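Comments concern the structure below.
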Amino acid sequence: MKSVQGRITLNRREARNTYRMRVAFEPFPARVDAGQFIHVRALPSEWDPLLRRPFSIMDAGEEGGNVSSWDLLYLVQGRVSGLMTEMQPGARLDVLGPLGHGYRPVPDAGRHLLVGGGVGVPPLYFLARQLLSRHQVAADRVVALVGARSADLLACVDDFRALGIPVRVSTDDGTAFEKGRVTDLMRREARPGDAIYTCGPEGMLHAVVALARDLQLSCQVSVERNMGCGLGACKTCVVDMRVPPGAPPKYRTTCREGPVFDAGDLP
Ligand code: FES
């Protein structure tokens, strides 16, 4: 983990209210796992001066053990993200990362099913890329299941396709691809022995976890929480853990002990 000053080299619209940004910086040695995140602050700050914003990593430029850029996908939903859309190539950002714990690919999985919804899809794209390159998994054993409320909110579909892996897509309203939920795709695609990795809106995550339990499949979940420090100190990001009946409650910090958890550890 390192704090670097980077410069924006890309900031383009990818879907409705959804932008992709690339920040390049002086390379430094780091191992980056899909599912980890970065904490970003603009320089000079037009944002809240004290607060960084967490973003999941959509991709990282990597050369021989050094990391040289971060790609992130962000949803325009407030003042800060609105300001981000106006940032031009060359603008400076202060970025801290990589932070947290990412996905842990299951070595003996039959196939790796990546189940994503809306703006939760980017870390799964990064995971697909790492499964193919770092873990040498055959392309037909990595399957992307992508859902969104409507066609204009779909993200990363072309990126997944460019990897040469099977991609299944659904929209809740049927404006493109199949009409239905991403869990419908998962129910149809999943086979015994597959491993599930998921990220997306909270309601979707609950449905994916319930279905994975139903199908007795291993499942790793990226949990999203508001974050203050991103370093395990402020405890604004805690998440409940599953405990036996009668046992005292147990909490974990999403920023330091997550954001990816085994579904079996969640309530
Ligand atoms: Fe501060 Fe997680 S954001 S403890």
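A few comments on the model shown:
- Hits in the stretch 1-23 - residues which are under 19 Å from Pro98 (Cβ atoms) and not in a strand (DSSP E or B): Met1
- Among the residues of the stretch 1-25, the ones that are among the hydrophobic types (A, V, I, L, M, F, W, C) and over 14 Å from Asp71 (Cβ atoms) come to 3 in all.
- Applying a threshold of 6 Å to beta carbon distances and a minimum spacing of six or more residues, or different chains, the list of pairs starting in the stretch 75-95 at a residue that is over 21 Å from Gly118 (Cβ atoms) and assigned to a loop (DSSP other than H, G, I, E, B) and ending at one that is at pLDDT 90 or above and not β-branched (Val, Ile, Thr) reads Met87/Asn11; Gly90/Arg7.
- Hits in the stretch 214-267 - residues which are among the charged types (D, E, K, R), surrounded by fewer than 18 Cβ atoms within 10 Å (Cβ to Cβ) and closer than 18 Å to Ile57 by Cβ: Arg225, Arg256
- Close contacts from the stretch 58-72, counting a first residue that is closer than 10 Å to Phe126 by Cβ and a second that is outside any strand (DSSP E or B) and among the charged types (D, E, K, R), with Cβ to Cβ under 8 Å and a gap of 6+ residues or different chains, come to Asp59/Arg129.
- Test: Gly174 is modelled with pLDDT under 95 and within 16 Å of the ligand (Cβ to nearest atom): no
- Breaking point among (1) within 19 Å of Val223 (Cα to Cα); (2) without any contact (Cβ under 8 Å) to a residue 60 or more places away in the chain, for Leu132: (1)
- Candidate set from the stretch 221-241 (those that are assigned to a strand (DSSP E or B) and of a type in the set (A, V, I, L, M)); member that is farthest from the ligand (Cβ to nearest atom): Val221
- Any hit, the stretch 244-265, residues being within 11 Å of the ligand (Cβ to nearest atom), in a loop (DSSP other than H, G, I, E, B) and under 23 Å from Arg129 (Cβ atoms): yes
- Of residues in the stretch 24-42 being within 21 Å of Met227 (Cα to Cα) and in a strand (DSSP E or B), the one modelled with the lowest pLDDT: Ala42
- If you check Arg213, Arg191 for being at pLDDT 95 or above, more than 16 Å from the ligand (Cβ to nearest atom) and part of a loop (DSSP other than H, G, I, E, B), only one passes: Arg191.
- When each of Ala190, Ala212 is tested for being touching a residue at least 24 places away in the same chain (Cβ under 8 Å), under 12 Å from Ala263 (Cβ atoms) and in contact with a helix residue (DSSP H, G or I) (Cβ under 8 Å, 6 or more places away or on another chain), the lone residue that passes is Ala212.
The values are calculated or read from the model by the stated rules, or taken from the named source; none is laboratory data. Everything numeric here is computed off the predicted structure, so don't read it as measured data. Neighbour counts are summed over all protein chains in view; Cβ atoms, including those assigned to glycine, are modelled from backbone coordinates with ideal geometry.
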